[in-house]
Each structure stands twice: as C-alpha cells, then as structure tokens.
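Take a look at the structure below.
The values are calculated or read from the model by the stated rules, or taken from the named source; none is laboratory data. What you are looking at is a predicted structure, and each value in this text was computed from that prediction instead of being measured. Note: ideal-geometry Cβ built from the backbone for every residue, glycine included; neighbour counts use all protein chains shown. These accessible areas exclude ligands, DNA and RNA; they are computed on the full protein's heavy atoms, side chains included. Shrake-Rupley method; radii C 1.70, N 1.55, O 1.52, S 1.80 Å.
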Amino acid sequence: MVETAETTADVKVLVLVGSLRAESVNRQIAELAVANAPKGVTLTIHEGLDEVPFYNEDIDAEPLPAAAAALREAALGAHAVLAVTPENNGTVPAVLKNAIDWLSRPYGNSPIKDKPVAVIGAALGRYGGSWAHDDGRKSFGIAGGAPVEEISLSVSTREFDGRHPGDSAEFVDRVRAAVQRLTAEVVEVAAAT
C-alpha cells in the first residue's frame with residue numbers, strides 16, 4: 001500500500017486497452033508500459049473486455065455477469081487506471097466506453113471513485129487519437145475517476161512506420177514518463193488522505 005509522498009511501494013495500476021485486436025499498436029503500448037513500470041509499481045492489463053456485456057441496468061444486479069464483476073473487482077484492487085486506446089470515428093472505442101459505463105456504478109461509489117486516471121495511445125489520424133483521449137478523460141471523470149489532465153500522449157501510428165513502439169527509445173521514455181506521472185499522482189493522493 002502507498003505510504004508517503006516519497007514512496008511508490010505496491011502501487012497497482014489497472015490497464016484497460018481500447019483495442020481488441022491481438023497485435024494492435026495500443027496493446028503494444030500497454031505492454032510497453034507494463035514492461036517499463038517504475039520499481040514498486042505493478043501495471044496489469046485487464047483481459048476480457050470483449051466478454052463484458054453492454055451495460056444495462058437490468059443486469060447490474062447480483063449476481064453480476066462474470067466479466068463485469070471481474071472488471072469491477074480489478075478496479076477496486078487498483079490505485080489508478082491507465083487506459084491505452086485508439087480512436088474510432090473520432091471518439092472512444094465502444095469496448096472502452098462500455099468498461100467505463102460498468103465502472104461508473106454504483107453511482108456515487110464506483111470502484112474508480114477518486115482514483116487517478118490517464119488516457120494515452122495511438123491512432124492512424126494526424127492527431128494520434130487525441131479526440132478519443134479527451135473524451136476518455138471526460139467519461140472517466142464523470143464516472144467518478146480523477147483524470148490527470150497533464151498526462152497527454154497521443155501519437156499517430158504513422159510515426160512508428162510499421163515498427164513496434166518499443167523500437168523507439170524516445171517513445172519508451174514518453175510512456176515511462178506518463179506512468180511515472182500517474183504513479184506520482186497516486187502517491188500525492190495517498191499523502192493527502
């Protein structure tokens with residue numbers, strides 16, 4: 001558990017990937033974030049977002065659908081959320097928006113309530129998915145999370161020119177910096193409580 005403003009011991013970050021494609025650039029970025037986590041910080045990519053049913057208040061009752069229950073449980077056990085997502089038609093992909101909808105409940109006491117959230121990623125367009133990332137931060141904030149607006153990493157996939165994002169030392173540093181800033185926010189929140 002986070003103890004003071006100087007420590008990052010045992011910080012747990014839930015990673016949500018907004019692309020279901022196994023070899024997606026955003027999954028590669030998420031894996032890069034996991035591999036370059038600071039000491040004492042564990043990033044865990046949540047698998048199974050494709051199995052979470054579309055949010056429907058009629059099924060948001062015990063027993064919850066298993067995939068939705070697993071998502072909420074993972075969020076409860078995390079200190080922060082890192083969403084790594086492309087942009088679909090100018091906004092957040094449906095799979096990520098559905099996850100946010102499930103994580104927004106129960107209203108007023110969601111499993112991401114007051115937890116720092118960062119939204120980063122890559123998309124084909126020249127803005128690198130910035131519209132989706134802005135929309136993601138907005139949705140997470142309304143759902144109860146605490147978006148860290150200073151964390152901004154929206155990259156055009158053209159920059160990679162077909163290579164793995166990890167082949168660029170500069171990009172690895174940018175991902176590492178985003179995770180470090182998110183971790184610092186977790187520590188600051190813990191120190192303030």
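By its C-alpha gyration tensor, with a ≥ b ≥ c as the square roots of the eigenvalues, how is segment 57-169 shaped: rounded for a/c under 1.5, else prolate for a/b larger than b/c, else oblate? Could you put the intermediate results ahead of the total?
Numbers: a/c = 2.15, a/b = 1.98, b/c = 1.08.
Here segment 57-169 falls in the prolate category.
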For this session: Calculate how many DSSP beta bridges within segment 3-122 are antiparallel, expressed in % of all such bridges and rounded to the nearest 5.
Result: 5 percent
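Sorted by mean Cβ packing within 10 Å, highest first, what order do the peptides 35-47, 179-191 take? It would help to have the intermediate numbers written out before the result.
Working: 35-47: 15.3, 179-191: 18.8.
Those peptides, ordered most packed to least, come out 179-191, 35-47.
Per residue, what accessible area does the chain have, given a 1.4 Å probe and all protein chains present, in Å²? Walk me through the numbers before you get to the answer.
Numbers: 9560 Å² over 193 residues.
Computed with neighbouring chains in place, this is 50 Å² per residue.
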Problem set entry | Solvent accessible area, Å² - Arg27, 1.4 Å probe, full protein context | 40 Å²
For this session: With r as the distance between the Cβ atoms of Ala169 and Lys12 and R0 = 22 Å, compute the FRET efficiency 1/(1 + (r/R0)^6) and round to 0.05.
Result: 0.25
Exercise. Based on the alpha-carbon gyration tensor of segment 61-106 and its eigenvalue square roots a ≥ b ≥ c, which shape applies: rounded if a/c is under 1.5, prolate if not and a/b is larger than b/c, or oblate?
Worked result: oblate
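Hey, what number do you get for the chain at 222 nm if only DSSP H runs of n ≥ 4 count, each worth -39500 (n - 2.57), divided across all residues, to the nearest 500? Can you show the working numbers first?
On the way: 5 runs with 69 residues, N = 193.
Mean residue ellipticity, 222 nm, calculated: -11500 deg cm²/dmol.
Report the FRET efficiency, 1/(1 + (r/R0)^6), for Glu51 and Leu124, where r is their Cβ-Cβ distance and R0 is 22 Å, rounded to 0.05. List each step's numbers first, then the result.
Working: r = 26 Å, r/R0 = 1.20.
According to the calculation, E is roughly 0.25.
Hey, any idea what % of the chain's accessible area is carbon plus sulfur with a 1.4 Å probe?
Details: 4850 of 9560 Å².
On the chain, the fraction of accessible area on carbon and sulfur atoms equals 51 percent.
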For this session: For the chain, just say rounded, prolate or oblate: build the C-alpha gyration tensor, square-root its eigenvalues into a ≥ b ≥ c, call rounded for a/c under 1.5, and beyond that prolate if a/b exceeds b/c, oblate if not.
Result: oblate
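Kindly rank 52-59, 86-93, 146-153, 105-112 from highest to lowest mean number of other beta carbons found within 10 Å of each residue. Intermediate values should be presented prior to the final figure.
On the way: 52-59: 11.9, 86-93: 19.8, 146-153: 17.9, 105-112: 15.0.
Order by mean packing, descending: 86-93, 146-153, 105-112, 52-59.
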